[in-house]
Every structure is written in C-alpha cells, then in structure tokens.
Amino acid sequence: MGRFTAIEATRDQETYRGDLDVKAISGLVHAINMAASKLTAYPQGHPAIIESFGRAESIAKTILDTCGHLSFGVARDALMMGNNILDEKNVIFRRVARILFEHGIIGLTLQKGLTAQELMDFDLIISQKRNEVQRAGGMNALVSRARIRHMQLRLIDYGVFQAEQDLQDTPRDDLQSAVFWEGFVKRLFDG
C-alpha cells in the first residue's frame, strides 16, 4: 500500500502537512461500509449496528486526531484524495462513491470529533432514494436536522449538466462520463 503526502489538515489552528497511509484510509472506508450494511440488515439499536459504528468511529478518531480532517472527492464511481484516485479497482470504494454521487455529493470532509451517531445518521440519510431526500428538503436540510456537525458536504446540481448534455448531438458513453467526472472533481478541488 502507498501513502498520500501533502494532505493538508488543521490541527489546533496550525496547518499540518503529513502522510496518511492508504491502508488506514481503506480501513475507515471499509468500516463505514460494513456498518452501513449492518444498519440495513438489523433492527435499529441492535448490538451489531452499535459495535460496527463504534469501530468506524474508533478508526476515524485515530486518523482525525492526527490530521484534523480528511477530505474525499467523489467522482461517479471513484473516491479521490486530491488528484489521486483511491484504488479504482476496489469494489467497496466504487460502491461508496456511487452512493454519494447519486445524492449529488462530490466532496465529503470528515472532521475531528466525528461520532458513531453522526456516521449512523448520515448513513440513514444516504440509504434513502435521492428523490426521497429531495422531498424531505434536500441533503443539506437532512444533515442539519440530524445535527451532523463533523461532516461537510460539497453538493452539485446534476440538472445543470443534464441540460448541457441534452444539447449535445451524441450522448457520452460510460467511460467518457467517468473520465469527465474524475477530471471535474480534480479541477474543483484544485480551485
């Protein structure tokens, strides 16, 4: 496994530039994914759910205590850190990216202090269909109502891109679309 360098994060009002091990990041994404799957498999409050989200919180705490925050870019089927795609062949990364992307989330930042309850509440929101989230007021409203304070989202309105694509004579194939979104997210995070 590799390392990501020059990931900026804040720690006690100073800028920290450090290395984050891909294995640690992978462990966090896998733990969150596992907890989310248990959330849909067991009744609310089941010990397996609480244990899984507790494990995800523990892994997040270890990472976030070091760097303050962890930001992911989200392309259609890829999670990114900076300009790097995180293991594009990893099925879980691809699954998580698709779920976030479906909800219009192109950036996700986890911040120091993130709790198991916030992770659980967020997973409950994104486990809903996109149109249900919109009918309930949208992603920002649901995140606010759930009091999720240690996660920040960057959202996009896909309707703008759909209108542009409808004006083109030839539709984009899946590969062109994936490359477009990866490039878009990279450029967005580069400013």
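The values are calculated or read from the model by the stated rules, or taken from the named source; none is laboratory data. Small disclaimer: the values here were computed from a predicted structure and weren't measured. For neighbour counting, all protein chains shown are included, and Cβ atoms are generated from backbone atoms with ideal geometry for every residue, glycine included. These accessible areas exclude ligands, DNA and RNA; they are computed on the full protein's heavy atoms, side chains included. Shrake-Rupley method; radii C 1.70, N 1.55, O 1.52, S 1.80 Å.
Quote to one decimal, in nm, the extra length available between Arg130 and Val22 on full extension: 0.36 nm per residue of separation minus the C-alpha distance between them.
Length gained between Arg130 and Val22: 35.9 nm.
What number comes out for accessible area per residue over segment 25-156 if the probe is 1.4 Å? Units Å², please.
Ligands and nucleic acids excluded, the result is 48 Å² per residue.
Normalising by the residue count of segment 25-123, find the relative contact order in percent from Cα pairs under 8 Å and 6+ residues apart.
Over segment 25-123, the number comes to 31 percent.
Using the Karplus equation 6.51 cos²θ - 1.76 cosθ + 1.60 (θ = phi - 60°), what ³J(HN,Hα) coupling, rounded to whole Hz, does each residue of segment 35-44 give in order, writing x for Gly and Pro?
4, 4, 5, 6, 4, 8, 8, 10, x, 3
Using a cut-off of 24 Å between alpha-carbon atoms, which lysines can reach Lys61, once sequence neighbours fewer than 8 places away in the same chain are excluded?
Straight-distance partners of Lys61: Lys23, Lys38, Lys112.
So which trypsin sites (Lys or Arg not before Pro) in segment 57-106 end up in coil per DSSP with only 15 or fewer other C-beta atoms within 10 Å?
The qualifying sites are Lys89.
Find the centroid of the Cα atoms in segment 38-103 and in segment 122-161, then give the distance between the two in whole Å.
Cα centroid of segment 38-103 versus Cα centroid of segment 122-161: 16 Å apart.
Taking H placed 1.01 Å from N in the peptide plane, check which residues at least 5 places from Met81 or on another chain put their amide H under 5 Å from its amide H.
Gly73, Leu86
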